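See structure below.
Derivation of every value follows stated rules applied to the coordinates shown; laboratory data play no part. Everything numeric here is computed off the predicted structure, so don't read it as measured data. Methodologically, a virtual Cβ is constructed for each residue, glycine included, from the backbone with ideal geometry; neighbour enumeration extends over all protein chains shown.
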Amino acid sequence: MHLPKDAELSVLQIGAYKGDCTEYILENHSVREIVDVDTWEGSMEHSDLGITFQDIEQIYDEKFLNDNRVKKMKMTSDMYFASNFSEELFDFIYIDGGHTSTQVLVDGINAFPRLKVGGILAFDDYEWPKYSGSLNNPKIGIDCWLRLFDGYYAVLIQNYQIWITKLKSV
C-alpha cells in the first residue's frame, strides 16, 4: 500500500462490507479516524450469493464496536456526501461501494474535493468483469473520472485498482 506509515491518517471508505480493508489499515498504519460509509444492504452483485447482510453487518460491528477510531455511517454514499458529515478532508479515500459505472463516477466526483492535496484516492475493481455491459461495471466510470480530472492527479497504480495522488484542488 502506498500510504505513509508515519503519518496519522484520516480515511474515508465508501463500501465497507465486513471491514477487511478497515482492519488492514488499522493494523498497518497510524490512523486518527476511519469513516466507513455503507448501507449494509448489498447490491446487485450480491443478489446471487445468498448472503444475509444482517450477518455481514454483524461481523463488521463485532470487529469495530470498541474502536473509537472507526466511525460507522450506515447510509448511501450519496447521502453521506450530501450531509454535513462530508466536510472533513481526508488523507486516503477508498472507493469500493456501488459497482455501476455511474455510481463509481459519482463517488469519485464527490470524493475528490474531500481529498487533501497530496492525499491518495483509490478506486477498487477497475478490471472487474462481473456483468456484461460496460455500464454495470466500474471501469467506464473510472475512465470518465480520470478524463474529467486530468491534470489534477498523478497515477500511482493502474491494474485491478487505480490509485492516484491529488496534485492540486479543482
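Cβ-to-Cβ counts within 10 Å put Val117, Val106 in ascending order as Val117, Val106, the fewest first. Once the mean of 1/r is taken over each pair of separate Cα atoms and inverted, the chain shows a Kirkwood hydrodynamic radius of 16.3 Å. For segment 14-24, 3J(HN,Hα) computed residue by residue from phi via the Karplus equation (6.51, -1.76, 1.60; θ = phi - 60°) reads 9, x, 10, 6, 8, x, 4, 5, 4, 4, 4 Hz, glycine and proline entered as x.
The chymotrypsin sites (Phe, Trp or Tyr not before Pro) found in segment 82-170 that occupy coil by DSSP, while having at most 13 further C-beta atoms within 10 Å, are Tyr131, Tyr160.
The residue list Val117, Ile34, Ser83 was ranked by how far each Cα lies along the charge dipole of the chain toward its positive end, using unit charges on Cβ atoms, and Val117 comes out on top. When DSSP beta bridges are restricted to pairs lying wholly in the chain, around 30% turn out antiparallel.
Neighbour counts of C-beta atoms inside 10 Å place Arg32, Arg147, Arg69 in the sequence Arg147, Arg32, Arg69, starting with the fewest.
Note on the chain: with a GNM built from Cα contacts shorter than 10 Å, the maximum mean-square fluctuation among Ile120, Ile14, Ile59 falls on Ile59. Counting every other Cβ atom within 10 Å of each residue's Cβ, Glu27, Glu8, Glu57 order from fewest to most as Glu27, Glu8, Glu57. Pairs of Lys residues in the chain are counted when their Cα atoms are under 15 angstrom apart and they lie 8 or more places apart or on different chains; the count is 9. A simple charge model with +1 on the Cβ of Lys and Arg, -1 on the Cβ of Asp and Glu and nothing else charged puts the dipole of segment 9-166 at about 500 debye relative to its Cα centre.
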